[in-house]
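Student: Have a look at this one before I ask anything.
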Amino acid sequence: DAKTTQPTSMDCAEGRAANLPCNHSTISGNEYVYWYRQIHSQGPQYIIHGLKNNETNEMASLIITEDRKSSTLILPHATLRDTAVYYCIVRVSFSGNTGKLIFGQGTTLQVKP
Amino acid sequence: NAGVTQTPKFQVLKTGQSMTLQCAQDMNHEYMSWYRQDPGMGLRLIHYSVGAGITDQGEVPNGYNVSRSTTEDFPLRLLSAAPSQTSVYFCASSYSKSSYNEQFFGPGTRLTVL
């Protein structure tokens, strides 16, 4: 699975959009980009995933660059409850893998009032 | 749906004791897995299962056993607890192990081995 690089920490004002970047320059054509978050002491929570098209759901939007070497997770209106560690993960799709999610260090997002 | 449930939430063991961490899901997911999370180590895969009766080892399986007799349940057994097994344990499930499917995590079991 390709490695990812994320900033260690970010701040965001409550009510503003939070834009979390992720670099995955070695991503291959069959690898998906996933975003999870972990709020303190809780289990990781799935947010969104995509292959090459931009995706949107009720939680967030995922913007993937045309060359797929980077992506941005957008939380459109951040609230204090969005304070968490956000993990960008790339996963290969073929069935020979273990299904393991490789969590890096992630980005600690602090939403401030 | 209750999603993925784990019991107990907290557990303290003495070295050498055995116990079973319970995990259940009500989403009819084929794929289930166990991770442990330690400070500075991220989440590491212990064991996983792609369906009832099928289990396999992850990256840190030593000291743990699993079985999958039903689709819903995937218990993790600590055979003889050691202080190195002090950790937070998360169970996860998904429709399959494919990248097409998101994984859902339980709330975790916080285990301390004295």
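A short reminder: the numbers here are calculations on the coordinates, not readings from a lab. The structure presented is a predicted model; accordingly, all values stated were derived computationally and were not measured. Quick reminder, even Gly has a Cβ in these numbers, built from the backbone with ideal geometry, and neighbours come from all protein chains shown.
Student: What pairs from A:Lys3/A:Lys52; A:Lys100/B:Lys14; A:Lys69/A:Lys112 go past 27 Å between their alpha carbons?
Tutor: Correct reply: A:Lys100/B:Lys14; A:Lys69/A:Lys112.
Student: From the phi of every residue in the range A:68-83, what ³J(HN,Hα) in whole Hz does the Karplus formula 6.51 cos²θ - 1.76 cosθ + 1.60 yield, where θ is phi - 60° and glycine or proline is x?
Tutor: Coupling constants for the range A:68-83: 6, 7, 8, 8, 9, 8, 10, 9, x, 9, 5, 10, 4, 6, 7, 5 Hz.
Student: Using Cα springs under 10 Å in a Gaussian network model of chain B, which residue among B:Thr15, B:Thr86, B:Thr55 shows the largest mean-square fluctuation?
Tutor: B:Thr15
Student: Using just the alpha carbons, could you tell me how many Å³ per residue the convex hull of the protein assembly as shown encloses? Numbers along the way, then the final one.
Tutor: Numbers: hull volume 27.1 nm³, N = 227.
Convex hull of Cα atoms, per residue: 119 Å³.
Student: Can you tell me what the convex hull of the Cα atoms of chain A projects to on average, as an area in nm²?
Tutor: Orientation-averaged projected area of the Cα hull: 6.8 nm².
Student: Right, next: If you keep only loop residues by DSSP, which GluC sites (Glu not before Pro) in the range A:11-113 have at most 10 other Cβ atoms within 10 Å of their Cβ?
Tutor: On the way: sites: A:Glu14, A:Glu31, A:Glu55, A:Glu58, A:Glu66; in loops: A:Glu14, A:Glu58, A:Glu66.
Taking the range A:11-113 and a limit of 10 other Cβ atoms within 10 Å, the loop GluC sites (Glu not before Pro) found are A:Glu58, A:Glu66.
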